[in-house]
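We did not get these values from a lab; they are worked out from the coordinates using the rules stated. These numbers come from a predicted model, not from an experiment. Here the Cβ positions follow ideal geometry from the backbone for every residue, glycine too, while neighbour counts run over all protein chains shown.
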Amino acid sequence: MAKKKLVEHNALVQAIEMGTEKEEVMEKFGYKSASTLKVAYLNALMALDKVPSVNNQRKKKKVADVVKINTRGNIVIPKELVDLMGLNDTDLFKIEKTSAGIALKLVQRPPKTILRKNTSSRN
């Protein structure tokens, strides 16, 4: 990425507002294209609070809260919902029928026990 040029915002805005030719402003401030000059001018206007700054944050996507059953009979939960709820692919659930429909209850996995053969010789 190219280094950003440090430009006196006031000087750039004044030069453009006074009607200085575009080529002359580009040469004076060292811009090689009209588009970089336009960006610098807009940035200078925002820095001087002459125009409101641009909100460049992305909108958060809505997380679908609808699950479906595929042709194999598996319940499919959208990945965004899985991430939002902090679930992972090793979680187990118990399904219960309720008066409102169905409910998935998280089940704790029993701890794994490792059985080892007794290698000591018995006499």
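Where in region 57-92 does the label zone of residue 109 land, with the point 7 angstrom along Cα→C-beta and an amide N cut-off under 16 Å? Under cut-off, by backbone N: 87-92.
One chain, two ends: residue 96 and residue 63. Fully extended at 0.36 nm per residue, the span grows by 9.5 nm beyond their Cα-Cα distance. The slack in the chain from residue 26 to residue 8, taken as 0.36 nm per residue of separation less the alpha-carbon distance, amounts to 5.1 nm. Which is farthest toward the positive dipole end of the chain among 87, 51, 64, measuring Cα position about the Cα centre, with Cβ charges +1 (Lys, Arg) and -1 (Asp, Glu)? Checking the options against the dipole of the chain, the answer is 87. Listed values for region 66-82 are Karplus-derived 3J(HN,Hα) couplings in whole Hz (6.51 cos²θ - 1.76 cosθ + 1.60, θ = phi - 60°), namely 9, 10, 9, 10, 7, 5, 8, x, 7, 7, 10, 10, x, 4, 4, 6, 4, and x replaces Gly and Pro.
The lysines within cross-link reach of residue 28, meaning a Cα-to-Cα straight distance under 27 Å and a gap of 8 or more places when in the same chain, are 3, 4, 5, 38, 50.
Legend: distances between Cα atoms for 94/117; 62/105; 79/105; 68/94; 68/112; pairs beyond 26 Å are 94/117; 68/112. Charges were assigned to the Cβ only: +1 to each Lys and Arg, -1 to each Asp and Glu. The resulting dipole of the chain about its Cα centre is roughly 1320 debye.
Apply the a/c threshold of 1.5 to the C-alpha gyration tensor of region 68-107 and tell me whether it is rounded, prolate or oblate. Judged from the Cα gyration tensor, region 68-107 comes out oblate (a/c at least 1.5, b/c at or above a/b).
Based on the alpha carbons, how large is the Rg to Rh ratio for the chain when Rh follows Kirkwood? Answer for the chain: 1.45.
Between amide H atoms placed 1.01 Å from N, distances below 5 Å from residue 93 occur with 107, all of them 5 or more places distant or on a separate chain.
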